[in-house]
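The next block holds one structure in the form of structure tokens; read it before the comments.
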Amino acid sequence: MRFPLIRPSRSPCRRTLLAGLLATLLASGAAEPAKSAPAASTSLFAGHFLLRDTSGAAVDSDALSGRPYGVFFGFTHCPDICPTTLARISLALRGITDPDLRIYFVTVDPERDTAAALGPYMESFDPRIVALTGDRVAIDEAVASFGAVAERTALAGGGYTYGHTAALLIVDENGLIADRIAAEGEEAALTARLSRLARPRPKAGP
């Protein structure tokens, strides 16, 4: 099976473009559907990752036991599906008040997506979306253990791109993959599905 390829962006102003994309989505309320690689496997059990965020702090999925979260695999040189999906998630999170909810954006391209590169890239999105990177072995473990796909393909001129799983995986408090959300769809539906992860707000006094 061949996966549709996502070609690297050649624009030097990616951060500006991302901000523009988010503004466009805010105005239109919808994103142009993008082609993607196959969705993740149908395993009920979440995988494992031990990676680092943009500050260098370790994030171990084992430490997330009892806490729901989301995982999305992608890379910063992806010109369409990754920034569009991250923008859609950001818009959906605006309707969720839980400050502790986390969506982990796990790069499949750690050679280019260092912590220094991911930091500025993520500034265009909701801060509850946490970018993770690591060495190649750690990234490959995360991709494989979640049943995801990340296929590197060379491009003419010496570059490369990835065909990768384009689905937001929702992990519940029991460590099970409770939902798989496709990269396209209505923002209201995405907010409703992500709201299931949010902690209920404490009730006011008596």
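The values are calculated or read from the model by the stated rules, or taken from the named source; none is laboratory data. What you are looking at is a predicted structure, and each value in this text was computed from that prediction instead of being measured. Heads up, the Cβs are rebuilt from the backbone with ideal geometry, glycines too, and the neighbour counts pull from every protein chain shown. The accessibility values were calculated without ligands, DNA or RNA, using every heavy atom of the protein model including side chains. Shrake-Rupley method; radii C 1.70, N 1.55, O 1.52, S 1.80 Å.
Residue count for segment 143-184 satisfying the condition of being open to solvent by less than 60 Å² (accessible area, probe 1.4 Å) and either without any contact (Cβ under 8 Å) to a residue 12 or more places away in the chain or among the polar types (S, T, N, Q) (or both): 4.
Restricting PRO200, PRO120, PRO206 to residues that are modelled with pLDDT of 95 or more and open to solvent by 30 Å² or more (accessible area, probe 1.4 Å) narrows the list to PRO120.
Against the list (1) in contact with a helix residue (DSSP H, G or I) (Cβ under 9 Å, 6 or more places away or on another chain); (2) modelled with pLDDT under 50, the condition CYS13 fails is (1).
For segment 69-85, filtering for residues that are of a type in the set (S, T, N, Q) and either open to solvent by 10 Å² or more (accessible area, probe 1.4 Å) or at pLDDT 95 or above (or both) leaves 2.
Name every residue in segment 86-113 that is open to solvent by less than 30 Å² (accessible area, probe 1.4 Å) and of a type in the set (D, E, K, R), in order of residue number. Even if it seems obvious, please write down each step before you answer.
Initially, segment 86-113 is screened for residues open to solvent by less than 30 Å² (accessible area, probe 1.4 Å), giving 86-93, 96, 98, 101, 103-110, 113.
Correct list: ARG88, ASP98, ASP109, ASP113.
Restricting ASP126, ASP140 to residues that are modelled with pLDDT of 95 or more, open to solvent by 10 Å² or more (accessible area, probe 1.4 Å) and either in a strand (DSSP E or B) or within 24 Å of THR97 (Cβ to Cβ) (or both) narrows the list to ASP126. When segment 177-194 is filtered for residues that are at pLDDT 80 or above and closer than 23 Å to HIS48 by Cα, the ones remaining, listed by number, are ILE177, ALA178, ASP179, ARG180, ILE181, ALA182, ARG193, LEU194. The single condition among (1) closer than 20 Å to TYR162 by Cβ; (2) assigned to a helix (DSSP H, G or I); (3) touching a Leu at 6+ places or on another chain (Cβ under 9 Å) that CYS82 does not satisfy is (3).
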